[in-house]
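Here is the structure we will look at.
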Amino acid sequence: MNLADLLQDIFIEQITGNSDIEITGIQFDSRLVEKGNMFVATRGTASDGHNFIQMAVEKGAVAVVCEELPAELSDRITCIQVKNSADALGHLATCWYGFPSSKMTLVGVTGTNGKTTIATLLYKLFRKLGYGSGLLSTVCNYINDDAVEATHTTPDALELNALLAKMVDAGCKYAFMEVSSHSVEQRRIAGLEFDGAIFTNLTRDHIDYHLTFENYLKAKKRFFDDLDTNAFALTNIDDKNGSVMLQNTRAKKFGYSIRTMADFKTKILEDGFDGMLLDMNNHEVHVSFIGKFNAYNLSAVFGAAVLLGQDEMEVLRIISSLQPVSGRFETLYSPTGYAAIVDYAHTPDALNNVISTINEILRGKGRLITVVGCGGNRDKGKRPMMAREAVDGSWKAILTSDNPRNEDPQDILNDMLDGLDASQKSRSLTIVDRREAIKTACSIAQKGDVVLVAGKGHEDYQIIQGVKHHFDDKEEVRKCFQ
């Protein structure tokens, strides 16, 4: 592509060199640069691309996009100075791949909890409606029925636009994607045209990256601030931050709720471990999902589908046939009469939601045994909070490893234990090995009890000292059943 064409949507502060040259590709990783490429020097948390400009040029880059012009660079290299390289990368990527988001209906889902479930169920719903559809999620990406492994909640700008372009080529009319706070802050979604945005809820998460809850909130809000007037903004009005998302958006505003009047109102009529009977906008529907948090998720799915022009009754019919997402309140039944639930809950609020739901269904007729840990090299402040949620809501809590990454697992457990008083510690066990922790929980479970294994959900690995090892909570639970 000609460089001048590629720069059409970029605000340029200064350009040196020839802009009438051909570009063979775009890279922001200097190690991947090939002859004729453009190198975009972005600033990351671990490294600064500006330090690798010379390396990129030596590997064949003919154009460089940067925030600071290098002191010494060959006059044969075209330099484009911009205010924000990451933002420029997003616009460059979407132009390079032919503006794929403008060629289909793109809906983003953001919030602390529920993103994966809502995005995945919308994708499944629209596939059942007969549309070509794509999914970008934490668990797996899909182009129609073809799975593409997911490495991040939201991929980098180049990978993201490449996937969207493949969806367009495959005939997808709709795409549903999780929008993480990191992707907004790092401008991975810059240049994309969203037709709709959904807000789930906001609780403490990623404070290790954003430093403050306010910064985390602002990152989520920016997604809504950037929407166009033709888009819709659908928010959970029962969450105190739901209205904040709508304050400055130009999009059409809608709300969903299970507590107050809203455009899309859901009431739980009956609940149990086999599902719920819901009233959705005055229509009764039985679903295979459990818990109040899933009533919210389904309300968002229903609302978004209707806002996208689908028939209300047909949407409800398909919702009644949908199944839970892998690792999200996934229930397994033992031959001896106790249930095991595997869930991704890895924040205090998510853990509280799952534990409360289980206890509401048990109604004191069975005991809850919770297995939970906290990830290494992440927000340490939530560790004692997670421990308290587990102990206070369970008959017995077993604190164990999650993904310790490069931390000592025992240090993580000590941080969790710091949140417990003597009485709480007496109702907990500490078992570093996650496999042994799950075995112990299952060994003490009796008929009518529930074992909750929280924190990893769909993940089939454990990261220990930076190395990925195969580990699947569901597999471990099934071994215990045998």
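The values are calculated or read from the model by the stated rules, or taken from the named source; none is laboratory data. Computed from a predicted structure; not experimentally measured. Cβ sites come from the backbone with ideal geometry, for glycine too, and all protein chains shown count toward neighbours. These area figures cover heavy atoms from the full protein model, side chains too; ligands, DNA and RNA do not enter into them. Shrake-Rupley method; radii C 1.70, N 1.55, O 1.52, S 1.80 Å.
See the values below:
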{"read-out": "Cross-chain or 6+ apart pairs with Cβ under 7 Å, the stretch 324-337 first and at positive phi and of a type in the set (Ser, Thr, Tyr), then part of a loop (DSSP other than H, G, I, E, B) and at pLDDT 95 or above", "value": "none"}
{"read-out": "Counted residues, the stretch 289-315 - those being modelled with pLDDT of 95 or more and open to solvent by 10 Å² or more (accessible area, probe 1.4 Å)", "value": "11"}
{"read-out": "Residues that are at pLDDT 95 or above, over 10 Å from residue 299 (Cβ atoms), open to solvent by less than 90 Å² (accessible area, probe 1.4 Å) and not in a strand (DSSP E or B), drawn from the stretch 248-262", "value": "249, 251"}
{"read-out": "Condition check for residue 380: among the charged types (D, E, K, R) and either in contact with a helix residue (DSSP H, G or I) (Cβ under 6 Å, 6 or more places away or on another chain) or touching a residue at least 40 places away in the same chain (Cβ under 8 Å) (or both)", "value": "yes"}
{"read-out": "Total residues in the stretch 322-354, condition more than 22 Å from the chain's Cα centre (by Cα), surrounded by 18 or more Cβ atoms within 10 Å (Cβ to Cβ) and either part of a helix (DSSP H, G or I) or of a type in the set (A, V, I, L, M) (or both)", "value": "2"}
{"read-out": "Any hit, the stretch 435-450, residues being under 27 Å from the mean Cα position of the chain (by Cα), at pLDDT 95 or above and open to solvent by 20 Å² or more (accessible area, probe 1.4 Å)", "value": "yes"}
{"read-out": "Unmet criterion (only one of (1) modelled with pLDDT of 95 or more; (2) open to solvent by 10 Å² or more (accessible area, probe 1.4 Å)) for residue 207", "value": "(1)"}
{"read-out": "Matching entry among 240, 265 (being of a type in the set (Lys, Arg) and at pLDDT 95 or above)", "value": "265"}
{"read-out": "Subset of the stretch 71-86 [open to solvent by 40 Å² or more (accessible area, probe 1.4 Å) and not basic (Lys, Arg)]", "value": "71, 72, 73, 74, 75, 84"}
{"read-out": "Positions within the stretch 1-56 being charged (D, E, K, R) and open to solvent by 50 Å² or more (accessible area, probe 1.4 Å), in sequence order", "value": "5, 9, 13, 20, 22, 31, 34, 35, 43"}
{"read-out": "Some residue of the stretch 364-372 being open to solvent by 10 Å² or more (accessible area, probe 1.4 Å), at pLDDT below 95, farther than 23 Å from residue 341 by Cβ and not acidic (Asp, Glu)", "value": "no"}
{"read-out": "Those residues of the stretch 455-475 which are without any contact (Cβ under 8 Å) to a residue 24 or more places away in the chain and among the charged types (D, E, K, R), in sequence order", "value": "460, 468, 472, 475"}
{"read-out": "Residues of the stretch 97-112 classified as open to solvent by less than 10 Å² (accessible area, probe 1.4 Å) and in a helix (DSSP H, G or I), total", "value": "2"}
{"read-out": "Residue 297 being touching a residue at least 60 places away in the same chain (Cβ under 8 Å) and part of a helix (DSSP H, G or I)", "value": "yes"}
{"read-out": "The stretch 274-284 - residue that is outside any loop (DSSP other than H, G, I, E, B) and open to solvent by 10 Å² or more (accessible area, probe 1.4 Å) and, of those, farthest from residue 355 (Cα to Cα)", "value": "283"}
{"read-out": "Strands (runs of 3 or more DSSP E) wholly inside the stretch 113-190 containing at least 1 residues that are within 30 Å of residue 292 (Cα to Cα) and open to solvent by less than 20 Å² (accessible area, probe 1.4 Å)", "value": "133-136, 140-143, 174-178"}
{"read-out": "Which numbered condition residue 227 fails, given (1) of a type outside the set (Ser, Thr, Tyr); (2) open to solvent by 40 Å² or more (accessible area, probe 1.4 Å); (3) in a loop (DSSP other than H, G, I, E, B)", "value": "(2)"}
{"read-out": "Any hit, the stretch 355-376, residues being assigned to a helix (DSSP H, G or I) and closer than 23 Å to residue 119 by Cβ", "value": "yes"}
{"read-out": "The stretch 396-408, residues that are touching a residue at least 40 places away in the same chain (Cβ under 8 Å) and of a type outside the set (A, V, I, L, M)", "value": "396, 401, 402, 403, 404, 405, 406"}
